[in-house]
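Down below is the structure, laid out as structure tokens.
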Amino acid sequence: MKKVLYIGWLGFQNIGDELLWNVFAASARQYAPDVRIIPSTPKVNWKDTAPYDAVVLGGGSLLLPGYMAVLRQAHEAGKQIWIWGSGIDWIGQAETDALRAGARPALDRHFSANDAELFRTVLASAAFAGIRGPLSEAVLDALGARSPNVRVIGDPGLLLSPAMPAEQPRTEKTIGINWGTTYNRLFGQNETLVEDALARAAKTWIDAGYRIYLYIVWPNDRPACERLYKKINCPERVTFDRTLYNEQQLIERLRPLTATVNFKLHANLLSLAARVPAVMLGYRLKVFDFAASLSLEQYVISTASPQLDTELVKTVARAEKQRSRIIEQYEAARRHYTPLLLEPFRHGLFL
């Protein structure tokens with residue numbers, strides 16, 4: 001039986017990374033039931049690729065030199081390597097803005113010449129090189145590392161089955177807010193200012209008759225969400241759901257909502273999978289990359305925006321009006337990317 005190593009940020013109860021592994025494992029069970037897939041949980045030494053026949057760099061923002069070095073090592077040892085929906089993330093705000101504008105910024109403060117060569121070599125060697133979004137592709141272009149086999153295949157979470165439309169009419173409008181922490185590693189470098197803006201926006205929605213539903217996608221997010229709950233200071237109109245759900249459970253809880261505002265990238269995907277429009281807090285490049293892959297860039301607001309609360313209120317209002325169009329756009333993206341995400345399985349690349 002062939003053994004395949006799946007590399008992801010697993011074992012830390014982050015719903016986004018876990019759901020990416022879950023959809024990979026489900027696809028592998030369907031198309032390659034005789035292949036043994038080993039996920040890179042904390043107990044697995046994923047830097048040692050010797051026991052495996054193939055190595056997959058899975059979904060998430062894993063296009064980083066450290067992971068690429070492991071893939072190079074595996075390839076040099078004769079292993080097949082895949083890149084399956086991974087993306088770029090740790091790019092500065094100015095460079096991100098330039099990439100969004102179609103420019104080719106200098107990236108030397110983020111990647112060395114050796115890093116660029118490593119990316120170029122590994123991507124060209126991959127049996128399958130599918131990346132998350134167009135901004136990840138633009139970074140590889142700027143580095144001179146986008147080989148002809150590299151394609152945008154979307155976020156693997158798009159393989160999640162979408163929810164059916166909510167059966168009950170929405171008698172009371174509710175805005176969902178996903179909040180948490182990235183330890184100030186966000187555009188604007190100040191989570192407190194973002195948190196305060198969210199509280200002001202939530203109070204505006206409450207004054208307009210909405211309820212608020214606060215939720216998390218990572219255990220470490222609870223303290224930040226607790227602070228936000230206290231800042232809003234309206235327990236009769238705000239629900240703070242402290243439970244950490246899996247992806248299907250959370251989709252079901254999001255289904256009745258009017259719209260959501262989300263900090264973490266995959267909270268946006270889960271909202272859209274629940275057929276609820278998502279307004280995305282653009283805290284790093286990966287959120288803009290994901291939105292661009294869906295052609296939903298107008299629903300991203302940078303966490304560095306000086307008028308964040310005002311922009312949130314306006315954008316949520318627009319999203320509520322454009323609900324059907326947003327969900328149709330999401331479904332169109334799913335139809336486009338699903339065959340690309342499933343291509344390596346259907347073609348038996350690691351059989």
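Against the definition (among the basic types (Lys, Arg) and crowded, with 16+ Cβ neighbours inside 10 Å), how does Lys43 come out, yes or no? It is false that Lys43 is among the basic types (Lys, Arg) and crowded, with 16+ Cβ neighbours inside 10 Å.
Looking across the stretch 1-43, the residues that are outside any helix (DSSP H, G or I), under 23 Å from Arg242 (Cα atoms) and touching a residue at least 60 places away in the same chain (Cβ under 8 Å) come down to Phe12, Gln13, Asn14. Scanning the stretch 212-258 for residues that are in contact (Cβ under 8 Å) with a residue 60 or more places away in the chain and acidic (Asp, Glu) returns Glu247, Glu252. Total residues in the stretch 178-211 satisfying the condition of being without any contact (Cβ under 8 Å) to a residue 60 or more places away in the chain, surrounded by 16 or more Cβ atoms within 10 Å (Cβ to Cβ), within 18 Å of Ala259 (Cα to Cα) and of a type outside the set (Lys, Arg): the figure is 4. If the condition is being in a loop (DSSP other than H, G, I, E, B) and closer than 23 Å to His266 by Cβ, then the stretch 217-237 contributes Val217, Trp218. For the stretch 134-154, filtering for residues that are in a loop (DSSP other than H, G, I, E, B) and out of contact with any strand residue (DSSP E or B) (no Cβ under 6 Å at 6 or more places or on another chain) leaves 7. Scanning the stretch 11-30 for residues that are more than 15 Å from the chain's Cα centre (by Cα) and of a type in the set (A, V, I, L, M) yields Ala25, Ala26, Ala28. For the stretch 241-268, which positions are crowded, with 24+ Cβ neighbours inside 10 Å and under 16 Å from Leu19 (Cβ atoms)? Matches in the stretch 241-268: Leu250, Leu254, Asn262, Lys264, Leu265, His266, Ala267, Asn268. For the stretch 116-161, the set of residues classified as touching an Asp or Glu at 6+ places or on another chain (Cβ under 8 Å) and basic (Lys, Arg) consists of Arg132, Arg146, listed by residue number. Of the residues screened, Gln80 is one that is touching a Phe, Trp or Tyr at 6+ places or on another chain (Cβ under 8 Å), in contact (Cβ under 8 Å) with a residue 12 or more places away in the chain and of a type in the set (S, T, N, Q). Among the candidates Leu193, Leu198, Leu214, the residue that is assigned by TED's automatic domain parsing to the domain that holds Arg284, in a helix (DSSP H, G or I) and within 24 Å of Arg255 (Cα to Cα) is uniquely Leu198. Residues that are surrounded by fewer than 21 Cβ atoms within 10 Å (Cβ to Cβ) and in contact with a Pro (Cβ under 7 Å, 6 or more places away or on another chain) occur in the stretch 116-124; there is at least one.
The single condition among (1) within 17 Å of the chain's Cα centre (by Cα); (2) surrounded by fewer than 24 Cβ atoms within 10 Å (Cβ to Cβ); (3) polar (S, T, N, Q) that Ser271 does not meet is (2).
The values are calculated or read from the model by the stated rules, or taken from the named source; none is laboratory data. Quick caveat, the model's predicted, so the values are computed rather than measured. Virtual Cβ from ideal backbone geometry, glycine too; neighbours counted across all protein chains shown.
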